Each structure stands twice: as structure tokens, then as C-alpha cells.
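Okay, so here's the structure we're looking at.
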Amino acid sequence: MTATAVIDLNADLGEGFGDWSMGDDAAMLEVVTTANIACGGHAGDGSTMRAACRAAAARGVAITAHVAYPDLQGFGRRFLEIAPDDLTDQVVVQVGALQAMARAEGTSVRGVKPHGALYNALARHEAQAGAVVQALGELDGLPLVAAPGAVVVPAAEAAGLPVALEGFADRAYLPDGTLTPRTRPGAVLTDPEAVSAQALSIATEGGVRAADGTWVDLPVRSLCLHGDTPGAVELARAVRARLEEAGVTLQAAL
């Protein structure tokens, strides 16, 4: 076990739109150290962004922009063959909107975490990775949250952008270090014991076991807890309790 383990707990919040809402943001904000706030791509509008920023600021929780493909209907979980220039513009527009709302609520956006299919695409799609890096450069060099091994990571680092690597407490891993597709059984972990054990393993041992027993190295600074996972609040509380009992320091990565 790492003697001085420090980890960020982040959750995807503000994923409503108009009168429709998802998850218990208020409860999750009592647990996490970073809120990834939806900013109009897969979810979110002006009112939900402002409310999420206000709530995060009141609790001293860091904010990242949860950017996505422009796909409200598909909740950003469908890959889009979007032109790189259009993707750059989407990221700039979405982050810019959240920055404005954060500023109005006396806080700021510390970084950018892509959502869903875009997050997955940045693991392998060099053109889209370049488009996102271009956008972050235009946004005064905002840091990026990404998965270890994703092609966007060296592209961002080459552009001089800070990168915070991220692991997942509530998702199963494949032996190659990628997430098990949601279409497969067991891809999403919903048992508090399993989720908190995986979180502790990542935070203190730097990795997890894949379903076949293969050890997967995950040298990450942040752990994601999905706000839309069944029993998300219970899972988040179990993770935080397990980490604190083990002496892990919880601190925003950005």
C-alpha cells in the first residue's frame, strides 16, 4: 500500500435538461472532490449549469467541464464521425458556456473531462484527439482528464497541456486496460463492497484485477463515480468511507 496515497473523487453531475433531471447531485456533492458538469452536449442547459456550479461552489468542490458530442438524444453515448473543426468548436462552445456560469457563481472551471463516446474515442481516434487538444489550447491551456494509454494523452502533453489520468471505481476493466463495454454483462459494478474494494486498489496499489485475473496498472490521480449508476450515492459513500478508513487523502486533482 502507498503510504501517502492521495486521490480525487469525481462524479458526472448536472446531467439534466429543462424539467428532466438525473441523479442526486446534492448528495453526490457531499462525497466527491470534483464535479464534472454537463455543459450542453449530452445534457445540461443554462439553468442546470448554473445550479450545478452554485452547488459545487457552496461545498468547495472543484469543477471540470463534462464536454460531449452534440447528442442530447443519445446522451452522448453514440460515436459521431464529426469533422475535427466542428469538434473543436463544440468543445470551445460547451466549455465557454460553463465558464460563464461558473464565473457568475463565483467559481471557475479547472479542467475538461470528455463524456461517454467522446471519452472512448479519444483513446484511439487521433483526429478527434487533435481537435480536443486544439480546443483546450484555445481555452488558455485548460487541463485534460483522460484515461491512461489514450492517444489524446501524449497529444495533450506535446501541446504543453496538463493531464490528470483517471480510473473508474464502478466499471470493470479488460486485460488491456480499457473499460468493459457497457453492452457486456458485468461492465458496470453496482455492489458497494466491490466498488469500494476496486477504488481502494486503484488508490493504494495503482491498479486493479480484470475479470480474468490479469493485473491492470492504473497510475491515476482521479477516480470516477458515475452519478447515473444504480445506487450511485450509496456507492459513493461506501468508496469515500473505505478510502478514509485506509488513510487515503481525498483531494481534487486539478
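From the alpha carbon gyration tensor of the range 143-254, can you work out the equivalent ellipsoid semi-axes (sqrt of 5 times each eigenvalue) and give them in Å, largest to smallest?
Rounded to whole Å, the semi-axes are 22, 18, 13.
Å³ per residue of the Cα convex hull, for the chain?
With only Cα atoms used, the chain gives 115 Å³ per residue.
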The range 1-70: translational diffusion in µm²/s, Stokes-Einstein, Kirkwood Rh over Cα pairs, 20 °C, 1.002 mPa s: 172 µm²/s
Dipole of the chain, positive direction: furthest Cα of Ile82, Ala210, Leu9, with charges on the beta-carbon: Leu9
Computed log₁₀ I(q)/I(0) - Debye formula, equal Cα scatterers, no solvent, the range 107-208, q 0.10, 0.13, 0.17 Å⁻¹: -0.31, -0.52, -0.83
Point-charge dipole on Cβ atoms (K/R +1, D/E -1) for the chain, about Cα centre, debye to 20: 240 debye
Among Ala158, Ala97, Ala68, residue whose mean-square fluctuation peaks in a GNM of the chain (springs only between Cα atoms under 10 Å): Ala158
Sorted largest first, extent of the range 69-144 alpha carbons per principal axis (Å): 36, 27, 18
Reciprocal mean inverse distance between Cα atoms of the range 57-104 - Kirkwood radius, Å: 12.2 Å
At 0.890 mPa s and 25 °C, Stokes D of the range 174-232 from Kirkwood alpha-carbon radius, µm² per second: 202 µm²/s
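For the range 148-253, what does the accessible surface come to per residue with a 1.4 Å probe? Please give it in Å².
Per residue, the range 148-253 has an accessible area of 44 Å².
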Surface share of carbon and sulfur [accessible, 1.4 angstrom probe, percent] for the chain: 51 percent
Choice from Asp212, Asp12, Asp71 with maximal GNM fluctuation in the chain (Cα, 10 Å cutoff): Asp212
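Tell me the mean residue ellipticity at 222 nm calculated for the chain from its helices only (DSSP H runs of n ≥ 4, each -39500 (n - 2.57), averaged over every residue, nearest 500).
Value at 222 nm, helices only: -11500 deg cm²/dmol.
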Rg to Rh, two decimals, where the range 207-249 supplies the alpha carbon set and Rh follows Kirkwood: 1.02
Low-density loop cleavage sites - trypsin sites (Lys or Arg not before Pro) in the range 85-173, where at most 16 other Cβ are within 10 Å (DSSP): Arg124
Ratio Rg/Rh, restricted to the range 17-120 and using Cα atoms, in which Rh is the Kirkwood radius: 0.96
Candidates Glu81, Glu157, Glu15, ranked by Gaussian network fluctuation over the chain, Cα under 10 Å, top entry: Glu81
For the range 96-136 versus the range 15-78, the gap between their alpha-carbon centres in whole angstrom: 13 Å
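The values are calculated or read from the model by the stated rules, or taken from the named source; none is laboratory data. On a predicted model such as this, the values are computed, not experimentally measured, just so you know. Using ideal geometry, Cβ is built from the backbone for each residue, glycine included, and neighbour counts are taken over all protein chains shown. We work out accessible area using only protein heavy atoms, side chains counted, and drop any ligands, DNA or RNA first. Shrake-Rupley method; radii C 1.70, N 1.55, O 1.52, S 1.80 Å.
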